[in-house]
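What follows is a short report on a single structure.
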Amino acid sequence: GGACALRGQRGRERDVKRHPDLRSLSDDHHTALVLARRTRRAAERGGDDAGVLEAQWRDVVRAFADELEPHFAIEERWLLPRLEAAGETRLVERNCADHARLRELVRESSSAPVLAEFAALLERHVRFEEREVFVRFEELLAEYEDASMRGLCSDGAWEAAIGALRSARRNAQRD
C-alpha cells in the first residue's frame, strides 16, 4: 500500500510508513538502493573485467540524469529550504554535501574505486534521508493546518513537481 520496503543491514525488510506527500520521493529511494547494490557488486567484480565496470557506469550515469538529479532538485527546491528555516542546519548541510559529492562522482571516469564510492555514498545518503531527513520533515508537515505540502507551496506547485518527477521516472523506464 503506502509503504516503502527497505532492506535492513541484516537483510530484514521493514515497512516505513511515509506521509503521502513524501511517498514518491521515498519510492525513488528504493530504486536508488537497488542501483547502489548493483553498482557495489559491479565494483567488487569489475576489477578484472573493464566491460562490467563500463556497463554499470553507463547505467549509473543514465540513472543519475533521469532519476537522481530530478529527485535532488525537488528536495533542494522544496524540502531543504523548509528544514533550514526550521533550524535543521545539520540535516541540510549533510544533504547538500552528499548531493554535491554524488554529482562530482558521476562526472568522473569509471573505475572500481569510483563505482564503490558512489555506491557506498548513495546507500548511506538514502538511509540518512529516510531515517533522519524525512522523519523530521514529516514532523514539520504536521505543524501545518492541512498537514501537507499544499500548506507550504503555492497553488499546485508541489503536485506539479511530483508529477514531473513521476513523468521523468516513466520516461526513464521506457528507455
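The values are calculated or read from the model by the stated rules, or taken from the named source; none is laboratory data. None of these values were measured; they are calculated from a predicted model. As a convention, Cβ positions derive from the backbone with ideal geometry for all residues, glycine included, and neighbour counts pool all protein chains shown. These accessible areas exclude ligands, DNA and RNA; they are computed on the full protein's heavy atoms, side chains included. Shrake-Rupley method; radii C 1.70, N 1.55, O 1.52, S 1.80 Å.
Here are the numbers for the structure shown:
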read-out: Sorted peptide list for 115-122, 59-66, criterion being average Cβ within 10 angstrom, highest first; value: 115-122, 59-66
read-out: Probe 1.4 Å - accessible area at GLU104, Å² to nearest ten; value: 80
read-out: Additional length obtainable on full extension of the chain from HIS30 to SER111, 0.36 nm per residue less Cα span; value: 26.7 nm
read-out: Calculated P(r) of segment 41-149 - Cα pairs past 16 Å, %; value: 62
read-out: Distance in nm between pseudo-label sites at ARG45 and ARG62 (7 Å out along the Cβ direction from Cα); value: 1.7
